[in-house]
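Engineer: Just dropping this structure here.
Every read-out reported here was derived from the displayed coordinates using simple, explicitly stated rules and does not represent laboratory data. Worth saying up front: this structure is predicted, and the values here are computed from it rather than measured. All Cβ positions, glycine included, derive from the backbone under ideal geometry; neighbour counts span all protein chains shown.
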Amino acid sequence: MTKLDSIFSHDGPLAKAIKGYIPRTAQIEMATTIATQIKNKQHLIAEAGTGTGKTFAYLIPAILSTKKVIVSTATKNLQDQLFNNDLPLITKILAKHPFKAALLKGRANYLCHYRLTKALDSAQGFNKKETTLLSKIKTWSKRTRDGDIAQMTGITESNPIWYQATSTRENCLGADCPDYNDCFLVKARRKAQDADVIVINHYLLCADWSLRETGFGELLPDAEVIILDEAHQLAEIASNFLGLALTGKQFNDLSNDTRDEYFKDAKDMPDLRTAYEDLKHEVQDLRLAFGTEIKKGEWREIETNPKICSALQSLSEQLKRLNLILKKAAVRSEGLKSCSERCDELNTQLQSILNNDNQGAIRWYETHRLSFTLGSTPLEIAPEFQSFMQQYQATWIFTSATLSVAQRFDHFANSLGLNEVASYSWDSPFDYPNQALFYHPRGLPQPNAPDAIERIIEFTLPVLKASQGRAFFLFTSYRALNRAAELLENNLDYPLLIQGSHPKALLLKDFKRLGNAVLLGTSSFWEGVDVRGEALSCVIIDKLPFASPFEPVLKARLESMKQQGRNGFFEYQVPTTAIALRQGVGRLIRDVNDRGVLMVCDPRLLKRAYGQIFLDSVPDMRRSREISDVNAFFNESS
C-alpha cells in the first residue's frame with residue numbers, strides 16, 4: 001500500500017479525522033494521478049464530479065511532494081473556506097509531514113492604517129453614519145492580527161466605507177508610506193514568501209499576470225506546483241484582467257483624493273482645485289450623455305453619438321489638464337505624488353482605449369445607475385496564457401467539477417492553449433439514477449415567447465407543491481427573476497426568498513433555517529453554493545444559460561470566428577452554456593443522502609439538435625415528462 005493509499009484508506013488518518021468518512025475510488029485515483037504528474041513535472045486537466053472530494057485529492061499529494069505550492073481558487077469565499085477549514089484539517093491528518101500555509105488576497109482586502117488615519121483626520125468630514133463606521137473600524141484595527149476586512153463583523157466587505165480604510169494599487173504609497181512597517185498587506189506577503197502552501201484567488205493570479213499588481217510577482221518564480229481550482233472560470237477572469245476597464249468611480253476617486261491632498265499641502269494652487277473639481281463635472285456630464293438606460297453596448301454606439309463623443313473628449317482633455325498640474329504639485333508630498341502617478345496612468349489607459357491601441361481587443365461601454373465603464377477586452381488569451389505558464393518551471397494542475405462538455409475537454413483546453421496536456425475525468429460517486437429525477441414536461445414555452453415566464457410559473461407551481469418548497473429557482477436574468485417573484489408572491493404557500501432583497505449569505509442562512517423556502521436567484525447562486533440535506537430538494541432552471549448574442553465581446557468573438565470559417569455557436573456558445581448549466585445542476589445533489597428533482601424549463605433540450613449535447617453533459621439521472629412521476633418521487637422520499 002502506498003502512502004496515499006494509506007492516508008485515504010478506511011482506517012487511515014482521514015477516516016480518523018473526518019466523521020463518517022468513506023474511501024472513494026475516484027478520490028484515491030485523482031490523488032494518485034496528481035502525485036504522478038507532480039513527480040514527472042507534467043501539467044494536468046483534472047475534472048472531478050461533485051462529491052469526489054477533489055480538494056483533499058489535490059492538496060494532500062501536493063503537500064507530500066514537499067514542493068512550494070500555490071493554490072488559486074475562483075472566489076474569496078472559497079479561498080477562506082480552503083484556508084480556514086480544509087488546510088487546518090489536513091495539518092492534523094499530515095501531522096508527520098508539517099508544512100506552513102499562508103493566505104494572500106488583493107490589497108483592497110486588507111485594512112490600511114494610513115488611509116484610515118487620513119479619513120479620520122480629513123478636513124472634509126463625513127456624515128454621522130460614516131463617522132460611526134470609521135470609529136468602529138478604528139477600534140477593530142487595534143485588535144486585528146492580520147487586517148483581513150472579511151473578519152470584521154458588523155460591516156460587510158461591500159460597504160463603501162471600506163474605500164476610506166483600504167488601499168488600491170493606484171493610491172498605495174508603497175515603501176514611502178509612513179505606516180509601511182505595520183502594513184497588513186506587507187506582512188501577509190512576507191508570510192506567503194515563507195510558506196510551503198499559498199492560497200490565493202484567480203483575480204490575484206491574473207493581476208500579477210497582467211502586470212497590474214506589484215509586490216506579488218516575487219512569489220510565482222518560486223512556485224513549483226500551481227493548482228487552479230474552479231478552473232472553468234479562469235479564461236473569463238483572465239480576459240478581463242488582460243484588457244482595460246476604466247470606471248467613472250476611478251476618476252471620481254482620483255478627484256476626491258486630490259482634493260484631500262490639496263487641502264493638506266497645496267492650498268496655494270487654485271488651478272489644482274479647479275482642475276479636480278472640473279474633472280468630477282466632466283465625469284458627471286459623460287454619464288448624463290449616455291442617457292438614463294442601464295446597458296452594455298458596442299463602441300460604435302459611442303462613435304455614432306456626437307453628444308457622447310463630445311463628453312468623452314472633454315473628459316480626456318480635463319484629465320490631461322489635471323495631469324499637468326499634478327506633475328508640478330507632486331514634489332510637495334507623497335500623497336500628491338501618488339495622485340500624479342494615478343492620473344498619469346489613468347490618462348495612458350484612457351488614451352489607449354480611445355485610440356484603439358490593441359487591435360486584438362473589442363472596445364465596449366457599460367452604464368450603471370450613477371457611473372459608467374469604458375472597456376477593452378482581448379478576444380483570445382491562449383497565446384498570452386501559454387507565455388505566462390512558460391515563464392515558470394512549475395507543474396500546473398487545472399481542476400473543477402465542470403471542465404468537459406459531453407465528455408470532451410476541447411473547449412476548456414483551447415481557451416487556455418493547453419495543447420497536449422493530459423486530461424482525466426472522475427465521475428461523481430453519487431447514485432444519480434436513484435437520488436435524482438430530471439423532469440422536463442411537454443408544452444413548455446419557447447424562451448423568447450412574450451409570456452414565457454408566466455407559462456413557466458404554471459408548470460413549476462405543481463412541482464413546488466410536490467417538493468413542499470425546498471427549491472432553488474435559478475434564472476438567467478434579473479428581469480425574469482423579478483417577474484417570477486411578482487407571480488409567485490401570492491401563489492406560493494412557502495417562504496419566498498429573492499436575490500437582492502438581502503445579502504447572499506443571509507439568504508442562504510434563512511433558506512437552510514426555514515427548511516421549506518423557495519429561493520429565486522441569478523448567476524451568483526448557480527455555483528459555489530453548497531446546501532446539503534432536505535432543505536434543497538428541487539432545482540428549477542428557467543432556460544439554458546446562453547449569454548446574450550448582443551453582448552459586445554461575445555458578438556465580436558462570434559464575428560471573428562465566422563471570418564475564420566468557424567462555427568462560433570457550436571465551438572463557443574454551446575460549450576460555455578453547457579458548463580454553466582452543469583454548474584446550476586450541480587446545486588441539487590451535494591451528499592450521498594440527498595434526493596431531488598431537476599427541472600429545466602427550456603424546450604430546446606429536445607427540439608434542437610444541440611440539445612443532446614446538454615443532455616450528455618449533465619449527470620445520468622432518471623428522466624420523466626409526467627408530473628405524476630415528480631409526485632411519486634417525493635412520496636418515496638417521505
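Engineer: Please quote Rg/Rh for region 22-91 to two decimal places, taking the Kirkwood radius as Rh and restricting both calculations to Cα atoms.
Structural biologist: 0.94
Engineer: Something else now. Shape call for region 107-185 from the C-alpha gyration tensor, a ≥ b ≥ c root eigenvalues: rounded (a/c under 1.5), prolate (a/b greater than b/c) or oblate? Write down the numbers at each step before the final one.
Structural biologist: Values: a/c = 1.62, a/b = 1.20, b/c = 1.35.
Taking the square roots of the gyration eigenvalues as a ≥ b ≥ c, region 107-185 is oblate.
Engineer: Over the Cα atoms, compute the radius of gyration (one decimal) and Dmax (the largest Cα-Cα distance, rounded to a whole number) for region 446-552, in Å.
Structural biologist: 13.5, 42
Engineer: If you take the Cα atoms of region 436-507, find Rg, then find the Kirkwood Rh from the mean of 1/r over all pairs, what is Rg/Rh?
Structural biologist: Numbers: Rg = 12.7 Å, Rh = 13.4 Å.
When Rh is taken as the Kirkwood radius, the ratio is 0.95.
Engineer: Still on this structure, I have one more. Tell me, what is the FRET efficiency for VAL592 and GLN563 to the nearest 0.05, using R0 = 60 angstrom and their Cβ-Cβ distance as r? All intermediate terms of the calculation are to be shown ahead of the outcome.
Structural biologist: Values: r = 49 Å, r/R0 = 0.82.
It comes to 0.75.
Engineer: Using the Kirkwood formula on the Cα atoms of region 354-442, what hydrodynamic radius do you get, in angstrom to one decimal?
Structural biologist: With all distinct Cα pairs of region 354-442 included, I get 17.6 Å.
Engineer: Run the simple label-point estimate for GLU345 and THR139 please: 7 Å along Cα→C-beta, distance reported in nm.
Structural biologist: 3.5
Engineer: Still on this model: Starting from the Cα coordinates of region 358-500, work out the convex hull volume and express it per residue in Å³. Write out the running numbers ahead of the final one.
Structural biologist: Details: hull volume 33.1 nm³, N = 143.
Per residue, the Cα convex hull of region 358-500 comes to 231 Å³.
Engineer: Could you sort 62-68, 372-378, 500-506, 535-541 so that the peptide with the highest average Cβ count within 10 Å comes first and the rest follow in order?
Structural biologist: Working: 62-68: 18.4, 372-378: 20.4, 500-506: 12.6, 535-541: 23.4.
Sorting 62-68, 372-378, 500-506, 535-541 by mean packing, highest first, produces 535-541, 372-378, 62-68, 500-506.
Engineer: Using a 10 Å cut-off around each Cβ, can you sort CYS601, CYS177, CYS339 from fewest to most neighbouring Cβ atoms? Walk me through the intermediate numbers first.
Structural biologist: On the way: CYS601 25, CYS177 19, CYS339 28.
Starting with the residue having the fewest Cβ neighbours, the order is CYS177, CYS601, CYS339.
Engineer: How would you rank 440-451, 552-563, highest first, on the average number of other Cβ atoms within 10 Å across their residues? Write down the numbers at each step before the final one.
Structural biologist: Values: 440-451: 13.5, 552-563: 16.8.
Averaged packing, sorted descending, gives the order 552-563, 440-451.
Engineer: Give me the number: length gained by fully extending HIS281 to ASN127, i.e. 0.36 nm times residue separation minus the C-alpha to C-alpha distance, one decimal in nm. Mind showing how you got there, number by number?
Structural biologist: On the way: separation 154, 0.36 × 154 = 55.44 nm, distance 2.24 nm.
Once the chain is fully extended between HIS281 and ASN127, it gains 53.2 nm.
Engineer: Sticking with this structure for a sec: Percent of Cα-Cα pairs per 10 Å bin, from 0 to the last occupied bin, for region 90-131, please list those.
Structural biologist: It works out to 21, 26, 19, 15, 15, 5, in whole percents.
Engineer: Which FRET efficiency value, to the nearest 0.05, do you get for LYS607 and ALA422 by plugging their Cβ-Cβ distance into 1/(1 + (r/R0)^6) with R0 = 56 Å? List each step's numbers first, then the result.
Structural biologist: Details: r = 37 Å, r/R0 = 0.67.
That pair, LYS607 with ALA422, gives E of 0.90.
Engineer: Hey, got a sec? Which trypsin sites (Lys or Arg not before Pro) in region 86-130 land in a DSSP loop and have at most 10 other Cβ atoms within 10 Å?
Structural biologist: Sites meeting the loop and neighbour criteria: LYS96.
Engineer: I'd like the Kirkwood hydrodynamic radius of region 432-637, using the inverse of the mean 1/r over distinct C-alpha pairs, in Å. Mind dumping the intermediate values first?
Structural biologist: Values: mean 1/r = 0.0570 Å⁻¹.
About 17.5 Å, per the Kirkwood formula over Cα pairs.
Engineer: Among [x] 1.02; [y] 1.20; [z] 1.46, which one is Cα Rg over 2.2 N^0.38 Å computed from these coordinates?
Structural biologist: Read-out from the structure maps to [x].
Engineer: Could you please tell me the mean projected area of the C-alpha convex hull for region 334-386, averaged over all directions and given in square nanometres to one decimal?
Structural biologist: On the way: hull surface 22.5 nm².
Computing the convex hull of the Cα atoms and averaging its projections yields 5.6 nm².
Engineer: Using every pair of alpha-carbon atoms in region 10-55, split the distances into 5 Å bins beginning at 0 and state the percent of pairs per bin, rounded to integers.
Structural biologist: Per 5 Å bin, starting at 0, the Cα pair percentages come out as 5, 20, 24, 23, 15, 10, 3.
Engineer: Over the Cα atoms of region 244-357, what Rg and Dmax result, in angstrom?
Structural biologist: Answer for region 244-357, Rg first and Dmax second: 14.7, 44 Å.
Engineer: Also: Roughly speaking, what is the stretch gain from HIS502 to LYS187, that is 0.36 nm per residue apart minus the C-alpha to C-alpha distance, in nm to one decimal? Present the calculation step by step, with values, prior to reporting the outcome.
Structural biologist: On the way: separation 315, 0.36 × 315 = 113.40 nm, distance 3.42 nm.
So the extension gain works out to 110.0 nm.
Engineer: Determine the distance separating the Cα centre of region 352-415 from the Cα centre of region 128-199; give it in Å without decimals.
Structural biologist: First find each Cα centre; the distance between them is then 29 Å.
Engineer: How much length is gained if the chain between SER524 and PHE570 is pulled fully straight, taking 0.36 nm per residue apart and subtracting their Cα-Cα distance, in nm to one decimal?
Structural biologist: Details: separation 46, 0.36 × 46 = 16.56 nm, distance 2.53 nm.
Computed gain between SER524 and PHE570 is 14.0 nm.
Engineer: May I have the pair-distance distribution P(r) for region 567-638, computed from all Cα-Cα distances with 10 Å bins from 0 and rounded to whole percent?
Structural biologist: Binned Cα distances yield the sequence 16, 46, 28, 9, 1.
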